[in-house]
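Report on one structure; see the data block that follows.
Every number here is computed from the coordinates shown, using simple stated rules; none is lab data. Since this is a predicted model, take the numbers as computed values, not measurements. Positions of Cβ are generated from backbone atoms using ideal geometry, with glycine treated the same way; all protein chains shown enter the neighbour counts.
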């Protein structure tokens, strides 16, 4: 069967199975025949899916819907939810004996064989409702998983707080239903009538019933003389224990709803307040230089000296490396901007080790130091940078014999610089190297991009391990002469690699070993303005990333609403980020052109003194690439923004969204790489993005693009050399 007919057949099977199930549910006896029909239909669909190959051209903007099975999984999940909901409603109608009145006024029951007392209808409603709720939650969890918004660390795989919200809403609905039901059960008891009731009977009746009316009966003749007066009594039965239970249930449910709602909103408020406080607390200890580095593994005590900031509270220091016992230091002596310790490196130790300090309450990694068997004294010219272009390696010409410290970590204040001068350090006049020269943006968790390189250069993509994927990705970056990679850490919906399976930690480590600079980036949403600075700090600290790019796009549509930034919220976000990363290690990713985005330009201008650069997203689509790039650069200068710029140029295609095919984008990339000449107006150029599950309909960074970029040596272009903002030092 031709591939194009497979989805059509699958859809027809689903329609036929669903239609048959509905007919069986309505007319068939026994009722379980419907379940059998649904099972047969599901089996047929599964059989079709089992043999269905990928179909080029069938894709979506969703990561899990780039192939036939992913798309059909979406359809089945939605259709399956509708079928289950219909079945549950049908069962509810059947078991409660719900009836209809036809046009002739006669009552027609949907179920002539099952007749249950109406008093059990409420429990059935609750049971079916909870079941339906669980099904809906399962479908929501599935949808979030497909969208990449799930959280493996939280209940049901939903984002943090979702379950609390569901419980609060469910209890609110339950309270409303139960309250109305119990009130109607008490208030709507039908009056009853008894005849020939004596006065003694009436007295007994008053003890357990509410008398509504009593009328003496008229006895005739001898009967009237021989008997006492009797009455016709109308009353409503009282059920004291049942009424008390109903009252207690209402009070209990009301208390529970209040408590849960208070807990839900209270915990959210505490979380927001904690995040705000976290963003305002003093920065953690951070190293900007380590001496000696590397340090010799000679088995004797050596003095380790660290220049940095926020060391006052440090009480302990050790070196750690995965799979190795920690190397503890003695005689730790901190000041505000320096830290010294005596440390003995056992013989035989090598490689790079993390430096971890402890203030008595928590430990934090502040940098790393290399360990070697022995340290040779280099000649004076050994420290001179091989490349004089700061845009490539972040170094500039220094006097012979000066100790070079790459600009990779955080800014140093005046006190740190004075200390650096005292110990003979020379600070480079440049910003973080991850912002300079030729780079690559990654979209979503790294694993999404890494899988695109599974078959790079003819490698066997079958069952490639994470280490192999990373190796092939780095090979591609080196082939293209990429010197920096920007890794996405979070989106407007939160952390991306929350379960640790996205390869972020492994990729950051491998990039460091390959001498490729690394920066983190995240979409900063106005709705998360109070927490995104803290999230960026947490994630960059977790992965050892020292530079960050905030993607801020005022007016962009997020969660179906405009991303509207208030100046105060934006200022707070930038202040929090600058407090963590420093100006030289902070940039903002922006709209490509500010023409037509005056509101965005006004917001961006608030940060011109707080960030090192702006990175306009120059997505040319069907526009002339070079001319559009020049127009985007000019729009920033016309808006009064003079900060250095890193151009983020387009390497992706989306045939169904913007009409750009793979071949058209390949031609655009090649034309830009070979013909663009205004390199001195940029301090760097990053491609967006490194690729994912590429198809003819959508994807990025095709093999042809890699070849074009590799052939043009974009790392050697005459990029502008930025002036120092906050001078950065690094080990």
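Numerical summary
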item	result
236, 451 arranged by Cβ crowding within 10 Å, fewest neighbours leading	236, 451
Average Cα contact separation per residue, region 298-344, under 8 Å, 6 or more apart, as relative contact order %	48 percent
Contact order relative to length of region 286-377, as percent, for alpha carbon pairs under 8 angstrom and 6 or more apart	35 percent
Region 451-511: relative contact order as a whole-number percent, Cα under 8 Å and 6+ apart	26 percent
Per-residue Cβ neighbour rank within 10 angstrom, fewest leading, 481, 196	196, 481
Ranked list, fewest to most other Cβ atoms within 10 Å of each Cβ, for 441, 263	263, 441
Projected-area average for region 433-716 over all orientations - Cα convex hull basis, square nanometres	13.7 nm²
DSSP bridge pairs, region 286-377: antiparallel proportion in percent, nearest 5	95 percent
